[in-house]
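Input: one structure, supplied below.
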Amino acid sequence: MPSSLLPDCAIPWQIIWMPKELFFLHKLSKIFPNGTIGISDLSLRIFEGECLLITGSNGSGKTLLMRMLLGLVEPTEGEIRFRGIPLHKTQDTLRREVGMVFQDADAQIIGETLEEDIAFGPKNLGYAKETIKTQVHAALKATGLWEKKDFPPRRLSGGEKRRLAVAGILAMGGTVLIMDEPFANLDWSGVMLVLESIRHLKAAGKTLIILTHELEKVLALADRLGILHQGRIRELGAPGDILDRLVPEYGVRDPRRTYTAAKDCTWLTV
Ligand SMILES: Nc1ncnc2c1ncn2[C@@H]1O[C@H](COP(=O)(O)OP(=O)(O)OP(=O)(O)O)[C@@H](O)[C@H]1O
Ligand SMILES: [Mg+2]
């Protein structure tokens, strides 16, 4: 509405609209018994409905951060709150609301068939039988796995297993999705299916936290980009701004580069 039409007492919507904080991470550290510093003095706020992309080189702490957000790894110092409540006091809510795709797709396989595997999450959450069936079938179709619904998951290819993990979280219908390297091992059509799911989830207002070094696949969908380096968030903000000030030290490559000829298609920069 044009501001001239607002009554005098009206407060501009920019002031009224405040994104709700979902995760609050304060001075988080994780030091392993062998002395490895996994996460170091990391503070971060994650807001409802945003698509937050976190990148960083191998070993920068992406998977560890995801495991800490899920309460699977205890911090050495600092705290994490989910909707304002310390993580350890809100495990049930967390389980209901947050779905995850692990980097190691095998670690997530539970069922004897794809259908059974995908149904595991919604069953655990106590959904009605009919609802489970509808959600599982929709997830199988959305990820291109419908034809294989009676197949044993362990015999799927690496890329298909990753799609299965995505189907699992789609069927759970949570509000927050954390994905660790969701594109690993996927061929072009596999990437497109996962991207399509991500797009739908974003349009449906879900909060998406994507940890990946394959920035080029998903950058356009990101609201914020964070760079993790040696366990610390070193940069955080609008993706374009962050990429404009990339330094080689982070080990992250700016994906905005475009190729015009086949001979240009190389990762070599010399
Ligand atoms: N249980 C553990 N004991 C000791 N060190 C660990 C343990 N788990 C993780 N680390 C270390 O923590 C650091 C962060 O690991 P993490 O798996 O989070 O990296 P990542 O950013 O996900 O890397 P990648 O891109 O290869 O997936 C690494 O140096 C790793 O060796
Ligand atoms: Mg990782």
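Just so you know, all these numbers are worked out from the coordinates, no wet-lab data involved. Fair warning: this is a prediction, and the values are worked out from it, not measured in the lab. Here the Cβ is made from the backbone with ideal geometry for all residues, glycine too, and neighbour counts use every protein chain on show.
Label points 7 Å out from Cα along the Cβ direction at T266 and L221: separation in nm?
Distance between the two pseudo-spin positions: 3.2 nm.
Separate question: Considering the alpha-carbon set of segment 157-270 alone, what are its Rg and its Dmax in angstrom?
My reading of the Cα-based Rg and Dmax gives 15.4, 47 Å.
Can you tell me how segment 94-175 classifies by the Cα gyration tensor, rounded, prolate or oblate, using a/c under 1.5 as the rounded cut? Please report the intermediate quantities before stating the final value.
Details: a/c = 1.72, a/b = 1.25, b/c = 1.37.
Oblate shape, in that a/c is at least 1.5 and b/c is the bigger or equal ratio.
Express the relative contact order of the chain as a whole percentage, based on alpha carbon pairs under 8 Å and six or more residues apart in sequence.
Details: 463 pairs, mean separation 65.0, N = 270.
Here the relative contact order equals 24 percent.
Tell me, what is the percent relative contact order of segment 26-169, built from C-alpha pairs under 8 Å that lie six or more residues apart?
20
Further, regarding this structure: Please report the equivalent ellipsoid semi-axes of segment 214-270, computed as sqrt(5 x eigenvalue) of the Cα gyration tensor, largest first, in whole Å.
Details: eigenvalues 102, 41, 16 Å².
That gives 23, 14, 9 Å for the three semi-axes.
For the chain, how big is the tail of P(r) above 31 Å, as a whole percent of Cα pairs?
On the way: 11656 of 36315 pairs.
The proportion of pairs with Cα distances above 31 Å equals 32 percent.
What's the whole-number percent of alpha carbon pairs in segment 14-153 lying beyond 19 angstrom? The partial results should precede the final answer.
Working: 6048 of 9730 pairs.
Distances greater than 19 Å cover 62 percent of the Cα pairs.
Just to be sure I understand the model, the point goes 7 Å from the Cα along the line to the Cβ. What's the resulting E48 to A203 distance in nm?
2.3
Evaluate E = 1/(1 + (r/R0)^6) for E79 and D150, where r is the Cβ-Cβ distance and R0 equals 35 Å; express this FRET efficiency to the nearest 0.05.
Values: r = 45 Å, r/R0 = 1.28.
After rounding to 0.05, the efficiency reads 0.20.
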